[in-house]
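Enquirer: Before I ask anything, here is the structure I am working with.
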Amino acid sequence: TQLLEQSPQFLSIQEGENLTVYCNSSSVFSSLQWYRQEPGEGPVLLVTVVTGGEVKKLKRLTFQFGDARKDSSLHITAAQPGDTGLYLCAGVEDSGYSTLTFGKGTMLLVSP
Amino acid sequence: SQTIHQWPATLVQPVGSPLSLECTVEGTSNPNLYWYRQAAGRGLQLLFYSVGIGQISSEVPQNLSASRPQDRQFILSSKKLLLSDSGFYLCAWSGSDPGATNEKLFFGSGTQLSVL
């Protein structure tokens, strides 16, 4: 069973469209992170959210941490081809000691 | 600034051959170091992490081993590769303890390993 479920698994859209991807779990997390990975490269950290209900913005990207700290969403406004990549969420469980756990990711393709 | 180097970028090895992947970090002291494997470009599986020289924690029992001979050097090895060892291997470092709320990982550029 995957601790962090990401949806959709794959998303193909046109430049200029808006989109939202989700990261859900039945577990509570002390923090959640979002990474973007381009083909043949390592993931790059975009943001960390730590407070339930927290919203962070990074240019056209808006990240939200659920009130119960079990889920997170990433919304992209006016997507551009440069946004193409694999978006991974990762979290640190709130229950005792554990290392960072990654979801399987959402592959986003933005066509011109 | 901190940098992480991982090599080689691509590796093709026959079944049964040995493996050695190396990762080094510059610009920081006593980093926490990690080896991940990513299958088919999806999801990251933590293989090993290290909080100090000679200290290795294994997350998944398997055909691989890790060593940390120096503070900023992390090596992934195998004596005999299996077909199932194929994948994209990523080294990462962090300034925070594993499992810390503020843990942030900085990844190398990865090694694509194909075992034939």
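The numbers here are math on the coordinates, done by the rules we state, and not lab data. Since we're looking at a predicted model, the values are computed, not measured. Here the Cβ positions follow ideal geometry from the backbone for every residue, glycine too, while neighbour counts run over all protein chains shown.
Enquirer: Treating only the Cβ of Lys, Arg, Asp and Glu as charged (+1, +1, -1, -1), what charge dipole size does the stretch A:5-111 show about its Cα centre? Round to the nearest 20 debye.
Expert: Details: 8 positive and 11 negative charges, 35 e Å.
About 160 debye.
Enquirer: What ranking do A:K104, A:K59 get, fewest neighbouring Cβ atoms within 10 angstrom at the top? Intermediate results must be reported in sequence, preceding the final value.
Expert: Values: A:K104 21, A:K59 7.
Placing the least packed residue first, the sequence is A:K59, A:K104.
Enquirer: A further question follows. Step through the residues of the stretch A:100-112 one at a time and calculate ³J(HN,Hα) from phi using the Karplus curve (6.51 cos²θ - 1.76 cosθ + 1.60, θ = phi - 60°), rounding each to whole Hz and writing x for Gly and Pro.
Expert: Running phi through 6.51 cos²θ - 1.76 cosθ + 1.60 with θ = phi - 60° gives 4, 10, 9, x, 7, x, 10, 8, 10, 10, 10, 9, x Hz.
Enquirer: Considering only A:Q14, A:T101, A:P39, whose Cα is most displaced toward the positive end of the charge dipole of the protein assembly as shown, charges sitting on Cβ of Lys, Arg (+1) and Asp, Glu (-1)?
Expert: Most positive-ward Cα: A:P39.
Enquirer: Which of rounded, prolate, oblate describes the stretch A:5-111, given a ≥ b ≥ c as roots of the alpha-carbon gyration tensor eigenvalues and a/c under 1.5 marking rounded, otherwise prolate only if a/b is larger than b/c? Please list the in-between numbers first.
Expert: Details: a/c = 2.09, a/b = 1.62, b/c = 1.29.
Verdict is prolate for the stretch A:5-111.
Enquirer: Could you list the residues of the stretch B:13-41 with an amide nitrogen less than 12 Å from a label point located 7 Å from the Cα of B:Q112 in the Cα-to-C-beta direction?
Expert: Those under the cut-off are B:40-41.
Enquirer: Quick one: order A:E93, A:E15, A:E5 by neighbouring beta-carbon count within 10 Å, fewest to most.
Expert: Working: A:E93 19, A:E15 13, A:E5 16.
Ranked by crowding around the Cβ, least crowded first: A:E15, A:E5, A:E93.
Enquirer: Of the DSSP beta bridges with both residues in the protein assembly as shown, give the percent that are antiparallel, rounding to the nearest 5. Please report the intermediate quantities before stating the final value.
Expert: Details: 73 of 82 bridges.
Roughly 90 percent of the DSSP beta bridges within the protein assembly as shown come out antiparallel.
Enquirer: Could you tell me what percent of the DSSP beta bridges with both partners in chain B are antiparallel, to the nearest 5?
Expert: Expressed as a percentage, antiparallel bridges in chain B total about 90.
Enquirer: If one computes the Cα centroid of the stretch B:78-116 and of the stretch A:31-95, what distance in Å separates the two points?
Expert: Each part's Cα centre sits 20 Å from the other's.
Enquirer: Moving on to the next point. Using the crude model of +1 on Lys and Arg Cβ and -1 on Asp and Glu Cβ, and no other charge, please compute the dipole size for the protein assembly as shown relative to its Cα centre, in debye to 20.
Expert: Values: 15 positive and 18 negative charges, 41 e Å.
Here the size comes out at about 200 debye.
Enquirer: Students often check this: by mean Cβ neighbours within 10 Å, which of A:66-75, B:12-21 ranks highest, and how do the rest follow? Intermediate results must be reported in sequence, preceding the final value.
Expert: Numbers: A:66-75: 18.4, B:12-21: 13.3.
Descending mean neighbour count gives A:66-75, B:12-21.
Enquirer: A further question follows. So what's the net charge close to B:S57: Lys and Arg +1, Asp and Glu -1, counting the other residues with Cβ under 15 Å from its Cβ?
Expert: On the way: positive: B:R68; negative: B:E59, B:D97, B:E103.
Charge balance near B:S57 sits at -2.
Enquirer: Per residue and in cubic angstrom, what volume does the convex hull of the Cα atoms of the protein assembly as shown have?
Expert: Numbers: hull volume 28.2 nm³, N = 228.
In the protein assembly as shown, the Cα hull volume divided by residue count equals 124 Å³.
Enquirer: So if the hydrodynamic radius of the stretch B:36-109 is defined as the Kirkwood radius over C-alpha pairs, what does Stokes-Einstein give as its diffusion coefficient at 25 °C and 0.890 mPa s, in µm² per second?
Expert: Rounded to a whole number, D works out at 185 µm²/s.
Enquirer: Explain nothing, just the number: dipole magnitude of chain B about its Cα centre with +1 on each Lys and Arg Cβ and -1 on each Asp and Glu Cβ, in debye rounded to the nearest 20.
Expert: On the way: 7 positive and 7 negative charges, 50 e Å.
Approximately 240 debye in magnitude.
Enquirer: Given an 8 Å cut-off on Cα distances and at least 6 residues of separation, report the relative contact order of chain B as a percent. Please report the intermediate quantities before stating the final value.
Expert: On the way: 292 pairs, mean separation 40.4, N = 116.
Rounded, it is 35 percent for chain B.
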